[in-house]
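One structure below.
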Amino acid sequence: MKKKIAIFISGRGSNMKAIVEQCRNGILKNLVDVEVVFANKEDAAGLDYARSMGIRTKWISSKGLKRSVFDQKVIDFLDGFTIDYIILAGYMRVLSGIFVNAFSGKIINIHPADTFKHQGLHAYEWAFNNNLQETKITVHYVDEGMDTGAVISQHIVDLKGVQTLKEVEERGLKVEHKFYSEIIRMLILNETN
Ligand code: GRF
């Protein structure tokens with residue numbers, strides 16, 4: 001049976017788009033249904049793309065709300081669904097214990113650096129400013145910390161010869177867009193075999 005996922009975004013949503021494409025016509029076809037794309041802000045650009053693909057969307061403003069109060073609202077919303085995995089894709093919020101416990105072991109994130117070396121924002125800037133010859137994209141389980149959850153898998157990004165931050169981001173995102181779906185597929189196949 002197909003697994004049901006909710007994808008959480010806060011902005012552009014290019015990883016969400018890549019996953020949706022894999023669900024429709026790629027390696028997640030017949031394996032995954034995107035039940036809902038959720039955002040913590042109304043103007044998250046990725047919501048428009050999701051709507052245009054006929055996917056249900058939902059936003060709840062997190063502005064000014066205590067982390068646990070906001071997360072409870074999201075839990076209440078998701079109560080109407082059966083969700084196998086929550087896929088964070090550029091979701092710019094640290095999750096509270098209440099949320100992590102509600103979906104224990106089912107929340108996954110992609111981080112554009114080696115989470116053992118760099119957590120939080122500006123990971124591509126960090127790689128560029130430190131002249132790294134390679135960086136790593138990390139897919140990990142999510143706990144209450146910022147990019148501290150158990151690592152599922154990492155993928156190297158070759159940065160040799162890059163001149164600009166834009167090039168770093170381009171090389172990194174190219175890997176992210178392929179790698180995230182591959183790991184989701186692997187998790188689902190491991191679970192069902
Ligand atoms: C990506 O680099 C992702 O790894 C990080 O935030 C960025 C989101 O980009 N967590 P997008 O919204 O998926 O385009």
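Derivation of every value follows stated rules applied to the coordinates shown; laboratory data play no part. Treat the numbers as computed from the prediction; the structure is a model and nothing was measured. Cβ sites come from the backbone with ideal geometry, for glycine too, and all protein chains shown count toward neighbours.
List of remarks:
- Within the chain, helix-based [θ] at 222 nm, where runs of 4 or more DSSP H residues each add -39,500 (n - 2.57), nearest 500: -11500 deg cm²/dmol
- Unsatisfied cross-links (Cα-Cα over 23 Å) in the set LYS2/LYS178; LYS106/LYS174; LYS136/LYS178; LYS41/LYS166; LYS3/LYS66: LYS106/LYS174; LYS41/LYS166; LYS3/LYS66
- Of the GluC sites (Glu not before Pro) found in the range 1-109, the ones in coil according to DSSP and having at most 15 other Cβ atoms within 10 Å of their Cβ are GLU42.
- Overall, the chain carries a charge dipole of about 360 debye about its Cα centre when +1 sits on the Cβ of Lys and Arg and -1 on the Cβ of Asp and Glu, all other atoms neutral.
- Taking the C-alpha atoms of the range 99-153, convex hull volume expressed per residue in Å³: 63
- Residues with amide H under 5 Å from that of MET92, placed H, sequence gap 5 or more: SER10
- 3J(HN,Hα) along the range 91-99, derived from phi through the Karplus expression 6.51 cos²θ - 1.76 cosθ + 1.60 where θ = phi - 60°, amounts to 8, 8, 9, 7, 8, 7, x, 4, 6 Hz, with x in place of Gly and Pro.
- Unit Cα scatterers, Debye sum, the range 27-130: log10 I(q)/I(0) for q = 0.16, 0.18 Å⁻¹: -0.86, -1.05
- Taking the chain and dividing mean pair separation by its residue count, relative contact order in percent (alpha carbons under 8 Å, at least six apart): 20
- Considering only ILE7, PHE103, HIS177, and ranking their Cα positions along the charge dipole of the chain that arises from unit charges at the beta-carbon of Lys, Arg, Asp and Glu, the one farthest toward the positive end is ILE7.
- Debye-sum result for the range 46-106 in log10 I(q)/I(0), which assumes one identical scatterer on each alpha carbon, at q = 0.20, 0.21 Å⁻¹: -0.91, -1.00
- Residue by residue, the range 30-39 carries 3J(HN,Hα) couplings of 6, 10, 9, 10, 8, 6, 7, 10, 10, 9 Hz when phi is fed to the Karplus relation 6.51 cos²θ - 1.76 cosθ + 1.60 (θ = phi - 60°); x denotes Gly or Pro.
- R0 of 35 Å, Cβ-Cβ distance ASP158-LYS29: FRET efficiency to nearest 0.05: 0.75
- Site pair PHE77 and ALA150 shows an inter-label distance of 2.9 nm when each label is modelled 7 Å from Cα along Cα→Cβ.
- Near the amide H of ARG56, within less than 5 Å, lie the amide hydrogens of VAL37, all on another chain or at least 5 residues away, with H placed in the peptide plane.
- At R0 = 22 Å, FRET efficiency that the Cβ-Cβ distance of GLU167 and ASP48 yields, to 0.05: 0.20
- Cα-based convex hull, the chain, per residue volume (Å³, whole number): 120
- Against the chain, whose longest principal axis comes from its Cα atoms, helix 67-78 is set at around 60 degrees.
- Over all other residues within a Cβ to Cβ distance under 10 Å of GLN133, the charged ones net out to -1, with Lys and Arg as +1 and Asp and Glu as -1.
- Distant-in-sequence amide H partners of VAL157 (H built 1.01 Å from N, under 5 Å): THR135, LYS136, ILE137
- Compactness of the range 1-48 is given as radius of gyration and Dmax, 11.0, 34 Å, from Cα positions.
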